[in-house]
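Colleague: My questions all concern the structure below.
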Amino acid sequence: MILPGFPEAAPLAGLGGGVLIGLAAALMLLGAGRIAGVSGIAARAFGIAPGSMSRAGAFAFIIGLPLGALAVAGLSGAATPAFASPVMLAVAGLIVGVGTRLGSGCTSGHGVCGMSRLSQRSLVATATFMVTGFATVAAMNALGIAVLP
């Protein structure tokens, strides 16, 4: 399927990925009784925060995220990913970490799990994530700053 003006878009792949993310979040909520918020699970994996999930289970979840993506990329012949510089990644990671603590969760916890439960706090947080992302991209484009090399 080709979208007018977006020849590289893959809406069916995006739909499939979204369905899998939703299914994984639902299975985690129903099976483990907890929200699939990646920041909370990562904090649990590294012993920073308490939680009902074992540290080994949390660590397996965190390691499974990139390994699953690599497996799909390898099986589908997807393009090789490009990354920003290590300094840009470190700065971005610190900013995201601070925002995660301030917002009491991350995009996966609020955007996927909280929105599906119609949580008021998650509705506000997700709107804030989106507006901030739009503003950041617009500012970087206006300043001529390239995100990727």
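Colleague: Just grab the label-to-label distance for residue 98 and residue 85, each label 7 Å out from Cα along the Cβ direction, in nm (one decimal).
Modeller: Here the answer is 2.0 nm between the modelled labels.
Colleague: In percent, how large is the relative contact order of region 82-149, given Cα pairs closer than 8 Å and 6 or more residues apart? Don't skip to the answer; put the middle values down first.
Modeller: Numbers: 31 pairs, mean separation 27.1, N = 68.
RCO, region 82-149: 40 percent.
Colleague: Now a separate question. Only Cα pairs under 8 Å and at least 6 apart count here; give the relative contact order of the chain as a rounded whole percent. The partial results should precede the final answer.
Modeller: On the way: 98 pairs, mean separation 30.9, N = 149.
21 percent.
Colleague: Given the -39500 (n - 2.57) contribution per DSSP H run of 4+ residues, what per-residue ellipticity at 222 nm results for the chain, rounded to the nearest 500 deg cm²/dmol?
Modeller: It lands at -21000 deg cm²/dmol.
Colleague: Continuing with this model, one more query. Starting from the Cα coordinates of the chain, work out the convex hull volume and express it per residue in Å³. Each step should come with its number before you reach the end.
Modeller: Working: hull volume 23.4 nm³, N = 149.
Taking only Cα atoms, the chain has a hull volume of 157 Å³ per residue.
Every number here is computed from the coordinates shown, using simple stated rules; none is lab data. Predicted, not measured: the structure shown is a model, and the values here were computed from it. Cβ atoms come from the backbone with ideal geometry, glycine included; neighbour counts cover every protein chain shown.
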